[in-house]
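The values are calculated or read from the model by the stated rules, or taken from the named source; none is laboratory data. Keep in mind it's a predicted model, so treat the numbers as computed, not measured. Cβ sites come from the backbone with ideal geometry, for glycine too, and all protein chains shown count toward neighbours. In case anyone asks, the SASA skips ligands and DNA or RNA and just uses the protein heavy atoms, side chains included. Shrake-Rupley method; radii C 1.70, N 1.55, O 1.52, S 1.80 Å.
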Amino acid sequence: MDNVVPAESDGAIETRGIEPVPDNERHGRVRELFPTWVAANISVLLLTMGAALVVFNQLNFWQVLIVAGCAALASFGMVGVLSVSGKWGGAPGAMLSRATFGVRGNLFPGAILWVARFGWETINAVTGAYAVLTVLDLLFGIKSNTPLIVITLFLFVASTFLVSGMGRKALNVCNKWSTYLFGVFSVLVLGYLIAHMNWGEVFSKPAGTTAMMITGIGTIAAGGISWVPTGPDFARYLPHSASGKKIVGATISGAGLVMVPMVLMGAVMAVATPDLAKAPDPVSFLGDILPTWLAVPYLVTAIVGMLLINSLSMYSAGFTAQTMGVKLPRAMAVSINAVISLVGGLMLMLVAKSFLSSFITFLILLAVSFSAWIGVYAVDMARRRVRAVRYDAEALMDTGRTSRYWYAGGFCWQAMTAWAVALIAGICFTKCDWFAGPLSGTFVGEYGLGWAATIAIAALMMLVLPVPRESVAADATSAAPAREKVTA
């Protein structure tokens with residue numbers, strides 16, 4: 001079995017690892033999820049992505065609004081729905097996934113999700129470092145150079161590591177205040193744009209094609225899709241009585257409150273500055289568009305927001321590392337991600353020729369890699385709700401043959417088959433700067449729907465294959481606690 005740590009203390013540092021949270025420690029409230037998902041989207045990358053919709057996809061204002069709204073609803077709708085499993089099982093998503101894929105089978109999708117998370121954390125660390133460099137330039141005229149890039153990135157990653165290591169309670173407090181600050185300055189930026197933009201030029205832009213709108217939805221939604229497997233991590237302290245509908249509502253509204261305005265602001269900025277989406281870094285353009293008195297505080301709050309995004313990601317990555325067999329406390333397991341983010345960030349800032357090109361390629365691959373897991377996990381979760389079967393906490397921690405989730409040799413072959421087939425199909429539909437799958441020329445590939453097709457294929461395969469039967473060896477000892485009414 002995995003090592004079990006004592007119950008979480010009342011201090012600021014969270015000591016609980018991957019083990020399920022017992023009912024007597026379920027003191028969380030659904031409203032705490034709202035600032036969590038607001039903070040998870042405080043990133044100036046959304047401005048760059050909004051600009052890309054105008055510059056590359058050739059969309060107009062109203063099309064960008066539709067794309068942003070659909071992307072927020074689709075991606076964080078999935079985050080909210082699958083987050084409900086966190087209150088059912090009281091465990092992180094990477095841990096609950098053992099019940100879906102088997103205690104050994106879970107290592108394979110877990111490894112891909114872990115690697116993909118490295119990339120996301122690296123992108124955010126680089127963006128945060130660029131924001132710091134821009135502030136230094138605006139305030140003190142200090143120009144970027146290699147030693148300064150190394151120092152800035154190191155300090156950003158180190159700060160992320162420290163905050164994420166403190167755990168859920170500290171993150172909740174930070175999320176709350178960063179939401180207030182970023183909200184205030186975002187309103188000021190919006191007000192400035194309203195007063196100074198040439199709105200006739202903004203609204204006179206011709207409409208783009210439907211294909212480019214659909215492709216844009218996938219690009220914007222990719223960031224939200226990457227949060228789906230970690231949604232349960234932030235809902236596991238909620239009591240069983242917490243409303244599933246409220247969980248979904250808090251998740252979508254929190255994310256949408258930031259995503260939609262930020263993407264729209266990026267699109268508006270791109271009309272006045274078409275080179276925005278082609279800038280060598282995703283942040284410095286703000287110094288050209290906004291006055292210094294507004295750009296600096298806005299960037300400072302954005303830096304805090306990006307630090308929190310990475311902290312939330314590393315917080316969940318610590319659970320993934322433990323689930324993968326890393327024999328370290330969660331706070332120390334996070335250090336693996338910190339080191340990789342530092343090395344990857346230096347490569348992206350010092351070696352890569354185009355940040356935006358690398359970022360868009362990463363988003364495309366990210367969406368596909370997470371989508372195969374989503375389709376399989378969602379069907380398994382739906383079956384548990386229909387059959388009123390709760391996750392078995394003892395079996396989740398048992399990685400031996402006695403586990404209810406041992407299936408056949410530690411693998412649920414139905415889930416593994418559905419996941420593998422969907423992942424391969426998704427890659428075949430994928431097209432990016434340096435890779436084009438054999439099916440990328442089809443309707444699905446041309447419209448950028450590889451991520452949606454991957455989810456659908458994984459779900460359909462899981463539904464068509466025989467329903468998995470939990471291990472017989474565990475039935476006699478685990479059946480009693482496993483069957484309990486599951487509330488939505």
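Brief remarks follow.
- Excluding ligands, DNA and RNA, the accessible surface per residue across the chain is 38 Å² with a 1.4 Å probe.
- Accessible area of the chain belonging to carbon and sulfur atoms, whole % at 1.4 Å probe: 70
- From phi via Karplus (6.51, -1.76, 1.60), per-residue ³J(HN,Hα) for the stretch 245-262 in Hz, x at Gly/Pro: 5, 5, 4, 5, x, 5, 5, 5, 5, x, 6, x, 4, 9, 4, 5, x, 5
- Sequence-distant residues sharing a close amide H with Ala436 (under 5 Å, placed H): none
- Helix axis angle, 168-196 relative to the chain longest principal axis, alpha carbon, degrees: 30
- Trypsin sites (Lys or Arg not before Pro), loop per DSSP, at most 14 other Cβ atoms within 10 Å - longest free stretch of the chain: 144-326
- Projecting the Cα atoms of Thr36, Thr454, Pro297 onto the dipole axis of the chain, where Lys and Arg carry +1 and Asp and Glu carry -1 at the beta carbon, places Thr454 farthest toward the positive end.
- Rounded to the nearest 10 degrees, the inclination of helix 45-55 to the longest alpha-carbon principal axis of the chain is 60 degrees.
- With helices as the sole contributors, the chain gives -23000 deg cm²/dmol at 222 nm; each DSSP H run of n ≥ 4 counts as -39500 (n - 2.57), and the sum is divided by every residue.
- Listed residue pairs exceeding 28 Å between alpha carbons, taken from Lys176/Lys205; Lys176/Lys245; Lys87/Lys431: Lys176/Lys205; Lys87/Lys431
- Spacing of the two label points (7 Å from each Cα toward its C-beta) at Thr209 and Ala272, in nm: 3.1
- In a fully extended conformation the segment linking Thr146 and Leu463 would gain 108.8 nm over its present Cα-Cα distance, using 0.36 nm per residue.
- Placing pseudo-labels 7 Å out from each Cα toward the beta carbon at Asp137 and Met347 gives an inter-label distance of 2.5 nm.
- Computed from Cα positions, the angle between helix 450-464 and the longest principal axis of the chain comes to roughly 10 degrees.
- Entry note: the stretch 372-461 has Rg to Rh equal to 1.12, where both radii use alpha-carbon atoms and Rh is the Kirkwood radius.
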